[in-house]
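The values are calculated or read from the model by the stated rules, or taken from the named source; none is laboratory data. Given the structure is predicted, the values throughout are model-derived calculations rather than measurements. Every residue, glycine as well, gets a Cβ built from its backbone with ideal geometry; the counts of neighbours run over all protein chains shown. With ligands, DNA and RNA removed, areas are computed over all heavy atoms of the protein, side chains included. Shrake-Rupley method; radii C 1.70, N 1.55, O 1.52, S 1.80 Å.
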Amino acid sequence: MLTIKRVPTVVSNYQEDAAAAEPLGCGRNCLGHCCLPVSKLPLYAFPNVPKPIKISPKEDRSSDFFLNTLLLGQWEDRMSRGLFRYDVTACETKVIPGKLGFIAQLNEGRHLKKRPTEFRVDRVLQPFDSSKFNFTKVGQEEVLFRFEAGGGNLPHYYDHAPVNQNSPPSVVAINVSPIEYGHVLLIPRVLECLPQRIDPDSFLLALHMAEEAGSPYFRLGYNSLGAFATINHLHFQAYFMSTQFPVEKAPTGMVTVTEGGVKVSRLLEYPVRGLVYECGNTLKELSDLVSSVCIWFQENNIPYNVLISDMGKKIFVFPQCYAEKQALGEVSQELLDTQVNPAVWEISGHMVLKRKKDYEEASEPYAWRLLAEVSLSADRFNEVEENLFEATGTVKPEQMHKEGERLKESAFADAIAEGCVVLQ
């Protein structure tokens, strides 16, 4: 059993005293079975009808209302109430000079000086444990609104909506330890107490949220257990950052286009090896394929991270091994001392640094060196990719071999020329 000492990120003001919280009749107006079924939280009901994926941004006003008025407006309201642990808008941020323009943020307030706990990192799938902190213990004042499928072709918003007993509520709540403006959590079917594992319905819900936001600068991310998720209760993260992520600038090499119209590519010239899935005939077809990829990773015990980009039309999937290396003592002390946890945002190029020294000295070679430790080796990635494509029916074996030969040369040649540290 591989474990590491880790300080879990505090995402709710109720997290640190979760052990003392009573399971029923808590009187805190929480998200548990005691309080949520009788609550009347705001509800945003998105249209749940299959439709072609739009190549251009949405032109209707619903996306402006959802992102700016509802999500960001309510996030600012919670900020004015003092519900966050620090003011993330006061954190220093800069773009690191270089080809990809990695983003560095100094977020000293996010490093919590509390006793580290043992966290198991060798099991991507672990059962839900109600004795540990989970989102049913969050107070409803941290919730912005419910986000659920409605009917018809248009979204609907209700200021106060009773919970339908036959439809488990999904909620959007603030992350009280934000790393960027508008940092929230999407918690699918919160009362079902699902462990941190993707399923087709929850992943489609996340894509709908990206679609409703209607902005390329609003992205969702997912961390599996073993890939820096510290709470074993199903959730996605999301926030707004008005600049392009480095991973979104990286070139890709197309592998195939599926019958459902999904373009499958390999990420090139980037320190972390990954796969990219784009478009599709409908949002559901894209969601079904990528969720099957995530499920395969889960069932094969491979930690992974997911970035949902471009309003839900482009998805990056990264199998990773940093926590495994960390548990085996294979990560240099220099990198460990930074206390950076390379989860989905760091892998995407938004480096959240906890020491002023690291922030001031941050460079593109430093970012490459850190992220290179996250990536699977070339041989391991190719083996995983081959098994994954075969299991999901993405590429036929003979086509896979042909593509492998075509892309045999290293995708990191440009990085070598730039003097960056790359994978062996």
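Consider the stretch 80-100. How many of its residues are surrounded by 15 or more Cβ atoms within 10 Å (Cβ to Cβ), assigned to a loop (DSSP other than H, G, I, E, B) and touching a strand residue (DSSP E or B) at 6+ places or on another chain (Cβ under 6 Å)?
Number satisfying all stated conditions: 2.
So, Lys94, is that one at pLDDT 75 or above and within 30 Å of Pro271 (Cβ to Cβ) or not? Step through it out loud before you land on a result.
Details: at pLDDT 75 or above: yes; within 30 Å of Pro271 (Cβ to Cβ): yes.
Answer is yes for this residue.
Is there a residue in the stretch 111-118 that is modelled with pLDDT of 90 or more and either over 25 Å from Asn305 (Cα atoms) or outside any strand (DSSP E or B) (or both)? Outline the logic, then answer.
Restricting attention to the stretch 111-118, the residues satisfying the condition of being modelled with pLDDT of 90 or more are none.
No.
Pick from the stretch 319-355 the residues that are aliphatic (A, V, I, L, M) and either open to solvent by 10 Å² or more (accessible area, probe 1.4 Å) or part of a loop (DSSP other than H, G, I, E, B) (or both): which of them is nearest to His183 (Cα to Cα)? Talk me through it step by step, then tell me what you get.
Of all residues in the stretch 319-355, those aliphatic (A, V, I, L, M) come to 323, 327-328, 331, 335-336, 340, 343-344, 347, 351-353.
Subsequent filtering for residues that are either open to solvent by 10 Å² or more (accessible area, probe 1.4 Å) or part of a loop (DSSP other than H, G, I, E, B) (or both) retains 327-328, 331, 336, 340, 343.
Numbers: Ala327: 29, Leu328: 32, Val331: 29, Leu336: 26, Val340: 18, Ala343: 15 Å.
Per the criteria, the residue is Ala343.
Tally time: how many residues in the stretch 143-176 are assigned to a loop (DSSP other than H, G, I, E, B) and either surrounded by fewer than 21 Cβ atoms within 10 Å (Cβ to Cβ) or touching a strand residue (DSSP E or B) at 6+ places or on another chain (Cβ under 6 Å) (or both)?
Looking only at that region, the number is 19.
Do any strands (runs of 3 or more DSSP E) entirely within the stretch 181-262 hold 2 or more residues that are touching a helix residue (DSSP H, G or I) at 6+ places or on another chain (Cβ under 8 Å), surrounded by 22 or more Cβ atoms within 10 Å (Cβ to Cβ) and modelled with pLDDT of 95 or more, and if so, which?
On the way: elements: 184-187, 218-223, 236-240, 252-257.
Filter on the stretch 181-262 gives 184-187, 218-223, 236-240.
For the list (1) at pLDDT below 95; (2) not in a loop (DSSP other than H, G, I, E, B), I need the number of the one condition that Ala104 fails.
The single condition Ala104 does not satisfy is (1).
Identify, by number, the condition in (1) under 15 Å from the mean Cα position of the chain (by Cα); (2) more than 19 Å from Gln244 (Cα to Cα); (3) open to solvent by 10 Å² or more (accessible area, probe 1.4 Å); (4) among the hydrophobic types (A, V, I, L, M, F, W, C) that Val290 doesn't meet.
Only one criterion is unmet by Val290, namely (3).
Looking at this structure, is Gln140 open to solvent by less than 20 Å² (accessible area, probe 1.4 Å) and in contact with a His (Cβ under 8 Å, 6 or more places away or on another chain)? Lay out the reasoning, then the answer.
Numbers: open to solvent by less than 20 Å² (accessible area, probe 1.4 Å): yes; in contact with a His (Cβ under 8 Å, 6 or more places away or on another chain): no.
Spelling it out, it is not the case that Gln140 is open to solvent by less than 20 Å² (accessible area, probe 1.4 Å) and in contact with a His (Cβ under 8 Å, 6 or more places away or on another chain).
Just to be sure I understand, how many residues within the stretch 147-197 are hydroxyl-bearing (Ser, Thr, Tyr) and within 25 Å of the chain's Cα centre (by Cα)?
Of the residues in the stretch 147-197, 4 are hydroxyl-bearing (Ser, Thr, Tyr) and within 25 Å of the chain's Cα centre (by Cα).
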